[in-house]
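S.K.: The structure that follows is given in the form of structure tokens.
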Amino acid sequence: MSDQTSSVEQDRAKPSVRHLAGAGSAAKKVAGARRNPSAVGYETSSPHWLRVMAGWSWRILVVVAAIALVFWATSRVLLVFIAVFVALVFTAVLRPLVNVLDRVMPRGLATALSIILAFLSVAGMLTYVGFSVAGQWERLGEQFNQGVETILDLLESSPLQLSITNDDVQDWLDTAQEWIAENSEMLASQALSSAGSVGLVFMVLALATFCTVFFLARGQDMWAWFLNQLPMRIRETWHTGGEVAWYTFSGYTRGTVIIAAADGVMAVVVLLILGVPLAAPLAVLVFIGAFIPLIGAPAAMVIAMIVALAANGPVNAIIVGLAIAAIGQIEGHLLQPLVMGKQVSLHPVVVALSVTAGTLVAGILGAVIAVPLVSVAWAVFSRLRTMDPPSDFEEIDQAVEEAEAETAPG
């Protein structure tokens, strides 16, 4: 009887052994499913390429929606965004000076002294430009009238024989004066709105200066506080991304300031040698224009070329035009690689598309901020993409690779 019971128990145990063997085979199939989904008998009526495209499509839609949300939120607080951006620019430019002064004085005093020196430098430059314009304005007006007559004579004697007399020019001026008289109320209202815009500019500058003080004095503490509010598992990623973003942005900003100053110095030297009036104000215009990549500095130099044409004639204007080309070559092939190095490495096509898109979206502001934003985004993406995986996942990856090796054919 006991033998029969033992035999029955053995027979009942045999299916369990077979079940375990089947489970082991299924486990191998599951382990190889990542390479070949059909190994576990998975079938679908949709082709593989359609499933892949569907997966990418909804991810792209999510990214586009997130970007649109960021743009919408920024448009609601545009002045705050501009103030913070300007503060970051000030911080990037002044931080090296603050770090040097920090060695011999408290950080707060070094910050205050750096901001005061920067303010005095900008105020002195603007004052010099203002007095230069005021001192040469009458002379420039006379030269401009003579230049206009020279241009009209050139047009009349050209192969096209465009006949434009001084009477025609005077008629155009009279028409313009009549239009101004008829639309004086509209122009007055626009002047009042412009006065309000000037007030907004001062408000933005005040907010930017206020933020700059804290960014320079306690910027690292503020960043550490922000990181401490994040979950522990993502702090390292955010810290790495922030370091790369600031390295790229500060390098681009300081490099742009240095290149703009070099362009301004070369422009004022050329204009002074050629005797072009208002050389200093035009050089300041070149300095400001250099903050708009590709088109800013050349556009400012074209204005200088027009002034040279009106004041000193076509030969002088042609020489200024050649100087524009020479300065552009020096900037593109010598200054940018030397100053910026590898901090900003964008293809010229990407720069052109970024400036164009930024201009279409946000005008001059978009043209100014497009390239630094794209540079920062690309630098952060490139760095995070090449980061080493966390140590917690190394064993998992090794186990998966071993399972795939076991299920590999042959």
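The values are calculated or read from the model by the stated rules, or taken from the named source; none is laboratory data. These numbers come from a predicted model, not from an experiment. Using ideal geometry, Cβ is built from the backbone for each residue, glycine included, and neighbour counts are taken over all protein chains shown.
S.K.: Assuming Ile234 fulfils every condition listed in (1) touching a helix residue (DSSP H, G or I) at 6+ places or on another chain (Cβ under 9 Å); (2) outside the structural domain of Asp102 (by TED's automatic domain parsing) apart from one, which condition is it?
M.R.: Only one criterion in (1) touching a helix residue (DSSP H, G or I) at 6+ places or on another chain (Cβ under 9 Å); (2) outside the structural domain of Asp102 (by TED's automatic domain parsing) is unmet by Ile234, namely (1).
S.K.: Now for a different question. With (1) within 24 Å of Leu126 (Cα to Cα); (2) among the aromatic types (Phe, Trp, Tyr); (3) in contact with a Ser or Thr (Cβ under 7 Å, 6 or more places away or on another chain) as the list, and Phe202 as the residue in question, which single condition is left unmet?
M.R.: The number of the failed condition is (3).
S.K.: Moving on to the next point. So, in the range 292-304, how many residues would count as being assigned to a helix (DSSP H, G or I) and surrounded by fewer than 21 Cβ atoms within 10 Å (Cβ to Cβ)? Walk me through it before giving the result.
M.R.: Of the residues in the range 292-304, the ones assigned to a helix (DSSP H, G or I) are 296-304.
Of the ones still in play, those that are also surrounded by fewer than 21 Cβ atoms within 10 Å (Cβ to Cβ) are 298-299, 302-303.
Number of matching residues: 4.
S.K.: Then there's this: With within 19 Å of the chain's Cα centre (by Cα), closer than 30 Å to Gly321 by Cα, modelled with pLDDT under 90 and surrounded by fewer than 22 Cβ atoms within 10 Å (Cβ to Cβ) as the only criterion, which of Gly289, Gly275 stands out? Talk me through it step by step, then tell me what you get.
M.R.: Values: Gly275 fails: within 19 Å of the chain's Cα centre (by Cα).
After applying the criteria, what remains is Gly289.
S.K.: Also, quick follow-up: Answer yes or no as to whether Tyr252 is touching a Pro at 6+ places or on another chain (Cβ under 9 Å) and within 23 Å of Trp378 (Cα to Cα).
M.R.: For Tyr252, the condition - touching a Pro at 6+ places or on another chain (Cβ under 9 Å) and within 23 Å of Trp378 (Cα to Cα) - is met.
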